[in-house]
Amino acid sequence: MIISVNWLKKFTNIDVTIDELATLIGSRLVEIEEVIDLGKKYQGIIVSKVVECEKLEGSDHLNVTKIDDGGRAVDVERDENGLVQVVCGAPNVRAGMLVAWLPPNSTVPESFNDKEPFVLGARKLRGVMSNGMLASAKELDLFEDHTGILEVDADAAPGSDFAEVYELNDYLLDIENKSLTHRPDTFGIVGFAREVAAIQGNAFHTPDWLNQLQPHLDVQDAIEAPSVTIDDPALSDRYQAIILNGASGAAQSPIHIQSYLARVGVRPINAIVDVTNYLMMLTGQPLHAFDYDKVIAVAGGRADIHVRAGHDKETLELLDGRTIELTSEDIVIASGDTAIGLAGAMGGASTLIDNNTKNIILESATFNLYNLRATQMRHGIFSEAITRFTKGQPAELTAPVLAEAARLMGEYADAQVVTNVAEAYPGEKNPQQIVLSTKTINDTLGSKFMSADVIDTLHNVEFSTELVDDFTVKTVAPYWRADIHIAEDIIEEVGRLNGFDTIEPTLPLRDFTAVHPAEFDTLRAQIRKSLVRAGANEVLTYSFVHGEVLKKAGQDVENSYRITNSISPDLQYYRQTLTPSLLGLIYANVKQGYDQFAIFEVNKTHPKQHGLTDENVPEEVDMIALTVTSKKVKNGSAYYDAKKMLDYLGVSLGLDLHYSPIDADPNYAVSAPFEYRRAALVTDRKTDTFIGIVGEYKKSVSRAFKLPEHTAGFEIGTLALYQAVTKLTSDYMPLSRYPGTERDICFQVNQSINYGDIVACAEAVLQDSNLETTITPIDIYQAENSNTKNVTIRIKLTAHDRTLTGDEIAVVMQRVVLAAVERLRATIV
C-alpha cells in the first residue's frame with residue numbers, strides 16, 4: 001500500500017522530518033518497506049504558457065511554438081520577446097494553453113529510474129531549433145495518457161514550479177499492510193492521517209463532511225428511487241444506492257485528482273470512475289458505479305437491485321473480460337434475477353460505464369468480509385476495492401462517502417442526483433462502552449500514565465472518553481474502530497500511541513523458580529521419543545483442513561466446525577481427527593522417492609460432537625495418529641506393521657495392549673477411514689482402558705488419497721493413554737538368570753477364526769503355568785478358494801528359578817494344543 005505524505009498533510013500537520021516520520025510510523029503503527037522521494041523526478045519542470053503556435057513547414061503534424069516561462073529557465077535561447085521556441089508534435093497544442101515544459105538539461109520523468117535516463121537538450125527538428133519538450137502525462141510519469149501534451153488546469157502563472165503546483169514534491173511511503181488487516185480505517189488516507197496525528201501527540205479532527213452520518217442530498221427533479229433488497233442479512237450490513245443523470249462519461253477529473261490517484265497506484269480513467277477511486281483511497285470505503293440504463297435494460301425496465309448469494313454454476317462476465325462461474329459462497333449484485341456485479345470485487349461487463357453513459361446508479365455498501373476473502377482467492381481478484389472490503393468496512397461509512405461522491409460527480413461530470421437514497425440496513429449496531437482504571441493500564445504496561453494522559457491519548461484518535469472518577473475512565477470507540485472490544489484493546493491503544501519504547505523497562509518482581517512440566521506433557525514427550533525410536537517421523541500439520549480432505553477420509557463435513565475467516569480456501573474446517581492430515585502427506589512423499597516410511601502426529605482435534613467449552617469455543621481433544629506405508633511389494637498385511645509400532649509404544653509405557661475385532665462399521669469419525677474388517681479396537685488389559693483403533697484403510701480412502709496398497713495406521717487418545725498409565729501399579733519383574741525357550745505351533749482353523757482368538761486361547765492356558773510367556777505372530781496363510789487357514793505363532797517360555805526341561809516344555813505346549821483343538825476345533829499342522 002502506498003501512502004502520499006502530501007495527501008496526509010491535507011488533514012494533519014507533520015512537524016518532523018521524513019526520516020523521523022518513517023521511524024515513528026514504523027514503531028507505533030506499521031512497518032514501512034521503502035520511502036520514495038517523488039519530487040526528485042520533477043526537478044526543473046516549469047509551468048509555461050504557449051504564446052504562439054504555427055505549423056512547421058513541410059510537416060503534417062509538427063508545430064513550432066513559442067512559450068512564456070516567466071523568464072525562469074537559464075542558459076536557454078530566447079527571442080526578442082523573451083520567449084522560448086519548442087517544436088511539438090502533440091495534436092492538442094494551441095496558443096493560450098498552459099503546459100509543462102521540460103527545459104534543456106532536464107530529465108524526462110518517465111525515464112528517471114532507467115539505467116540511462118533521457119536527458120533533454122536543445123536540437124534542431126526539420127531545421128528548426130527546439131529547446132526541450134512540452135510533455136504529456138505519460139512522459140511526466142503521472143498516468144497513462146500519450147494522446148497529447150498535458151494541459152495544466154491549475155491557476156498558475158508562467159514560470160511556476162510544476163511540482164509545487166501539483167504538490168509533487170512528495171514522499172511516498174510503501175507500507176507493509178499485512179499487520180493492518182484488523183484496521184480497515186487505516187486503508188484510507190484520512191484514517192492513516194488520524195494515526196499520524198496521534199503518534200505525534202496531536203489531536204485529529206475528521207473532515208466535517210465525513211462526520212455527517214445522515215447527510216443531506218440536493219435532489220433535482222426527483223424520480224422514484226430504485227428498490228434495494230438484501231436477500232440474506234448475513235451477506236451485507238448495509239447497501240445504499242442513488243441515481244444520477246446527465247453525467248458525462250467522457251468528462252475527465254482535475255489533474256490534481258488524477259495525480260494523487262496515480263501516485264498511490266490507481267490508474268485514472270474518467271471523472272466518474274476517478275471520483276469513486278479517489279474517495280476509496282481517501283476514506284477506505286469502496287464505491288461502484290453502474291450504467292443506469294444498462295441496469296434497467298437487464299431487469300426489463302425496472303431498477304430492482306438485490307444483494308444475494310451466487311447460484312452454483314451461474315456465470316458472470318467481469319469488467320476485465322473474464323467470464324467466471326459463481327458459487328453459493330460468492331455475493332453478487334443482481335438487477336432483477338440477473339447478476340450484474342461480483343459484490344465488493346468487480347463490476348460486470350453488462351453495466352460498464354463508457355463514453356456514452358448519461359445516467360448512473362452509484363453504490364455504497366459493505367459486504368461480508370469472510371465471503372469476500374473466499375471470493376478473492378477463488379477468482380484471483382486482488383483489486384484495491386476487495387482489499388479494503390476484506391478488512392471489514394463499517395456500515396456507518398457508506399452514507400457520508402456516497403453523499404461526497406454525488407457532490408464531486410456533479411462538480412466534475414455534471415451529474416445531478418435525481419433520487420433519494422435507496423437503502424437496506426439490517427446490520428445497524430450500537431456502540432460499546434469500556435470502563436477501566438488507570439491502575440489496570442499501568443499494571444499491564446508497566447507505565448505511569450495519569451488519567452489525563454489516557455484521556456488525551458484517546459481523544460487524539462477521536463475516542464469518546466470521560467472520567468468516571470479520579471482513577472477510572474469510560475470510553476466509546478468511534479464506529480470505524482471495530483477492532484476495539486475489551487479493556488485490553490484500550491490498554492494496547494494507549495501504549496502504542498504513546499510508544500511502547502517510551503515505557504521505562506523494569507524487571508518483573510516475581511519468583512523465577514523453574515516450573516516442573518505437567519505429567520501429561522511429560523507423557524507426550526515420552527510418546528514422541530518412543531515412536532521416533534520405533535522408526536517413525538513426527539510431522540506437524542494444520543488444525544484446519546479442506547472439506548474435500550474430510551470427504552476423502554469418509555468423514556461427514558457437517559460434523560466439523562467451519563472457519564468463517566479461514567486463512568486460506570484450503571483450510572476451511574476444524575479437523576475431527578488427525579488421520580486425514582497424515583494421509584494427505586503420504587502421496588507427496590512417495591512421489592519424492594520415499595518408498596517406505598512411517599509418520600505420526602501428536603496434536604489436538606476439535607470434533608463437533610464434543611461440543612463447546614464454557615468460553616463458547618470448540619472443545620479440544622488430544623490425539624496421536626500414525627500411518628506406515630511401503631511402496632515396495634511386501635509379504636504380509638500392513639495391519640501388522642502398524643500394530644507392531646503400537647505394541648512398541650505400549651510396551652515402552654508399561655501397557656499390555658489387547659486387540660478386539662470389529663463386528664460392524666462403528667460409524668465414528670475416528671474409525672471412518674479404517675476398513676473395520678481389517679482393523680481392531682485397542683484396549684489396555686491391565687487397566688481395562690479403551691485406547692483407540694488400529695488397522696488398514698478403506699479402499700475408497702486409499703484411492704482418494706492415492707495410497708500405496710501396503711498402508712495402515714492407528715489413531716489413539718492421548719488422554720486415554722495418560723489415564724491408563726496413571727492407573728498402572730508396579731509389576732516389575734527382574735530378568736531371569738535362566739535361558740528361555742521358544743516353540744512354534746501352526747494351527748489350521750476355519751477361516752472365521754482370527755489370530756486374536758488363537759492368542760486369547762493360548763494366553764488363557766499359559767497364565768496358569770507360573771512362567772513368563774510371550775506370544776508372537778509368525779505367519780498367516782490361506783490358500784485360494786480354501787475355507788481354512790494356517791496360523792503360526794511362536795511361544796516363548798521362561799522360568800525364573802530353573803532351566804526348563806524338555807518334558808516341562810512339552811507339557812505346557814500340549815495343554816495349549818489341546819485347548820485350541822477343543823475350543824477352536826483347530827488341527828495341528
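The values are calculated or read from the model by the stated rules, or taken from the named source; none is laboratory data. Quick caveat, the model's predicted, so the values are computed rather than measured. Ideal geometry is used to build each Cβ from the backbone, glycine not excepted, and the neighbour counts take in all protein chains shown. The area values use the complete protein model at the heavy-atom level, side chains included, leaving out ligands, DNA and RNA. Shrake-Rupley method; radii C 1.70, N 1.55, O 1.52, S 1.80 Å.
To keep it simple, each residue is scored yes or no on (1) touching an Asp or Glu at 6+ places or on another chain (Cβ under 8 Å); (2) open to solvent by 20 Å² or more (accessible area, probe 1.4 Å); (3) without any contact (Cβ under 8 Å) to a residue 12 or more places away in the chain; (4) closer than 24 Å to Val266 by Cα.
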residue: Asn13; (1), (2), (3), (4): no, yes, no, no
residue: Thr17; (1), (2), (3), (4): no, yes, yes, no
residue: Gly26; (1), (2), (3), (4): no, yes, yes, no
residue: Glu33; (1), (2), (3), (4): yes, yes, no, yes
residue: Asp37; (1), (2), (3), (4): no, yes, no, yes
residue: Lys41; (1), (2), (3), (4): yes, yes, no, yes
residue: Ser48; (1), (2), (3), (4): yes, no, no, no
residue: Glu54; (1), (2), (3), (4): no, yes, yes, no
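Determine, yes or no, whether Lys66 is assigned by TED's automatic domain parsing to the domain that holds Glu139, part of a strand (DSSP E or B) and open to solvent by 70 Å² or more (accessible area, probe 1.4 Å).
Criteria not met by Lys66.
Taking the options Thr827, Thr805, name whichever one is surrounded by fewer than 16 Cβ atoms within 10 Å (Cβ to Cβ) and without any contact (Cβ under 8 Å) to a residue 24 or more places away in the chain. Let's see the steps before the verdict.
Values: Thr827 fails: without any contact (Cβ under 8 Å) to a residue 24 or more places away in the chain.
Step by step, each of Thr827, Thr805 is checked, and only Thr805 is surrounded by fewer than 16 Cβ atoms within 10 Å (Cβ to Cβ) and without any contact (Cβ under 8 Å) to a residue 24 or more places away in the chain.
Give the residue, chosen from Leu173, Leu168, that is out of contact with any Asp or Glu (no Cβ under 7 Å at 6 or more places or on another chain), in contact (Cβ under 8 Å) with a residue 60 or more places away in the chain and part of a strand (DSSP E or B).
Details: Leu168 fails: part of a strand (DSSP E or B).
Sole residue among the options that is out of contact with any Asp or Glu (no Cβ under 7 Å at 6 or more places or on another chain), in contact (Cβ under 8 Å) with a residue 60 or more places away in the chain and part of a strand (DSSP E or B): Leu173.
Asp337 passes all but one of (1) surrounded by fewer than 18 Cβ atoms within 10 Å (Cβ to Cβ); (2) closer than 26 Å to Ala193 by Cα; (3) without any contact (Cβ under 8 Å) to a residue 60 or more places away in the chain; which number fails?
That leaves (2) as the condition not met.
Hey, can you tell me all the residues within the range 507-547 that are closer than 13 Å to Glu601 by Cα and without any contact (Cβ under 8 Å) to a residue 40 or more places away in the chain?
Ala525, Lys529, Val532, Tyr542
Consider Lys391 carefully, then state whether it is under 30 Å from Ser568 (Cβ atoms), open to solvent by 70 Å² or more (accessible area, probe 1.4 Å) and not hydroxyl-bearing (Ser, Thr, Tyr).
So Lys391 fails the test.
Provide a single number: the residues in the range 430-453 that are among the hydrophobic types (A, V, I, L, M, F, W, C) and farther than 18 Å from Ala477 by Cβ.
4
Whether any residue in the range 490-498 is outside the structural domain of Lys644 (by TED's automatic domain parsing), open to solvent by 60 Å² or more (accessible area, probe 1.4 Å) and without any contact (Cβ under 8 Å) to a residue 40 or more places away in the chain is what I want to check.
yes
Which fully enclosed strands (runs of 3 or more DSSP E) of the range 416-521 have 1 or more residues being touching a Pro at 6+ places or on another chain (Cβ under 8 Å)?
On the way: elements: 422-424, 433-437, 464-469, 472-476.
Because the criterion is at least 1 residues that are touching a Pro at 6+ places or on another chain (Cβ under 8 Å), the strands (runs of 3 or more DSSP E) in the range 416-521 that meet it are 422-424, 464-469, 472-476.
I'd like the full set of residues that are under 30 Å from Ala73 (Cα atoms) and modelled with pLDDT under 90, limited to the range 137-188. Lay out the reasoning, then the answer.
If we filter the range 137-188 for residues that are under 30 Å from Ala73 (Cα atoms), which is where we start, we get 137-172.
The answer is Phe143, Glu144, Asp145, His146, Thr147.
Considering only the range 463-477, state which residues are of a type outside the set (Ser, Thr, Tyr) and either touching a helix residue (DSSP H, G or I) at 6+ places or on another chain (Cβ under 7 Å) or surrounded by fewer than 18 Cβ atoms within 10 Å (Cβ to Cβ) (or both).
Correct list: Glu466, Leu467, Val468, Asp469, Asp470, Phe471, Val473, Lys474, Val476.
Being small (Gly, Ala, Ser) and surrounded by 15 or more Cβ atoms within 10 Å (Cβ to Cβ) is the requirement here; does Gly71 meet it?
Spelling it out, it is not the case that Gly71 is small (Gly, Ala, Ser) and surrounded by 15 or more Cβ atoms within 10 Å (Cβ to Cβ).
Here is a check on your reading of the model: is Ile775 in contact (Cβ under 8 Å) with a residue 40 or more places away in the chain, touching a strand residue (DSSP E or B) at 6+ places or on another chain (Cβ under 6 Å), outside any loop (DSSP other than H, G, I, E, B) and outside the structural domain of His546 (by TED's automatic domain parsing)?
no
Check every one of the strands (runs of 3 or more DSSP E) wholly within the range 300-389 and list those with 2 or more residues that are at negative phi and among the hydrophobic types (A, V, I, L, M, F, W, C).
Strands (runs of 3 or more DSSP E) meeting the threshold: 304-309, 331-335, 338-342, 360-366.
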